[in-house]
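Novice: One structure follows; several queries about it will come next.
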Amino acid sequence: MRHIYLFLLFLFSTSVFASESFGGIGVTVYGNPEGLRVAEVIPNSPAFEAGLLAGDKIVEMDRHSLKGLSQDECVSKLRGIAGRPLELTVLRDGEKLFMAMRRVSLHVENIDKEALRAWYGSERDHNLDATEIQVYAESALSGNKNLLGLVNEGRLLSGEAKLQSGDLKGVFVEKENVFDAPVLAKPVQKGSALKALTRTNVVFELVAEGVTTIQIFDANGEFVFGLDAFNALKGLNQVAWDASKLPSGRYLVKIHQNNAISGHFATLR
């Protein structure tokens, strides 16, 4: 039986350097006689936005056939300069589709498991799922980046899947300036830090205890959620909300407390 190796779009094997940056589209693939077959698509990546699905066969890139090329050669063609366009010819259920997208600047970084477990406490050592790991990874972000996905043992980690023993890495994309104009009416005072925005919870940290109000706006500045005055504690807080029907994208979370306003941008996946 032929052994199948999974390749992240930017790598030639599932063993990677501590960190790497590159231009890519956000897929994992494996070899196919006609080119490549898509194994997984990273949410909110260029491939995801273009409509690429797991199981699709990529048979041409920029109108050049991939037939007869090695797996390594096909994967290397997915890489390129961030911002450069890439046109794919895809076979899906016998139908030929044409998809155009632009590579983005992606970064893969190791996530320190010991630091992760210390952040949650030793009692959570072996029970962390993808959502919890995402909360940690986003809280530890530095620089102008957004987290696209988590890779554990060479596979995308999502939902309630548990952390495995292999390497854990985050795939990050450089942020884009989605909001053309400031949404906040007055200068932001940093009295809080947004730890995570998921479809079920808002996780944030406060520098002091006090009556708190939360408002969330979409990329067009439209109000989508509000939580009126409640008493929040100093340190880590979590409130529930239902974002199951909201589209993925960038959102603004405004946290009002003690006559101060903190504004935080986050990506809802």
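Derivation of every value follows stated rules applied to the coordinates shown; laboratory data play no part. As the structure is a computational prediction, the values presented were derived from the model and not from experiment. Reconstructed Cβ throughout: ideal geometry from the backbone, glycine too, with neighbour counts over all protein chains shown.
Novice: Restrict the check to segment 225-237 and report whether at least one residue is in contact (Cβ under 8 Å) with a residue 12 or more places away in the chain, under 24 Å from Pro43 (Cα atoms), in contact with a Phe, Trp or Tyr (Cβ under 9 Å, 6 or more places away or on another chain) and of a type in the set (A, V, I, L, M).
Specialist: No, segment 225-237 contains no residue that is in contact (Cβ under 8 Å) with a residue 12 or more places away in the chain, under 24 Å from Pro43 (Cα atoms), in contact with a Phe, Trp or Tyr (Cβ under 9 Å, 6 or more places away or on another chain) and of a type in the set (A, V, I, L, M).
Novice: Residues in segment 38-55: is at least one crowded, with 16+ Cβ neighbours inside 10 Å, among the hydroxyl-bearing types (Ser, Thr, Tyr), part of a loop (DSSP other than H, G, I, E, B) and in contact with a strand residue (DSSP E or B) (Cβ under 7 Å, 6 or more places away or on another chain)?
Specialist: So far as segment 38-55 goes, yes, one or more of its residues are crowded, with 16+ Cβ neighbours inside 10 Å, among the hydroxyl-bearing types (Ser, Thr, Tyr), part of a loop (DSSP other than H, G, I, E, B) and in contact with a strand residue (DSSP E or B) (Cβ under 7 Å, 6 or more places away or on another chain).
Novice: List the residue pairs whose Cβ atoms are under 9 Å apart, where the first residue sits in segment 244-265 and is more than 18 Å from Ala229 (Cα to Cα) and touching a residue at least 60 places away in the same chain (Cβ under 8 Å), the second is in a strand (DSSP E or B) and of a type in the set (D, E, K, R), and the two are 6 or more positions apart or on different chains.
Specialist: Here the result reads His264/Lys254; Phe265/Arg250, each pair linking segment 244-265 to a residue that is in a strand (DSSP E or B) and of a type in the set (D, E, K, R).
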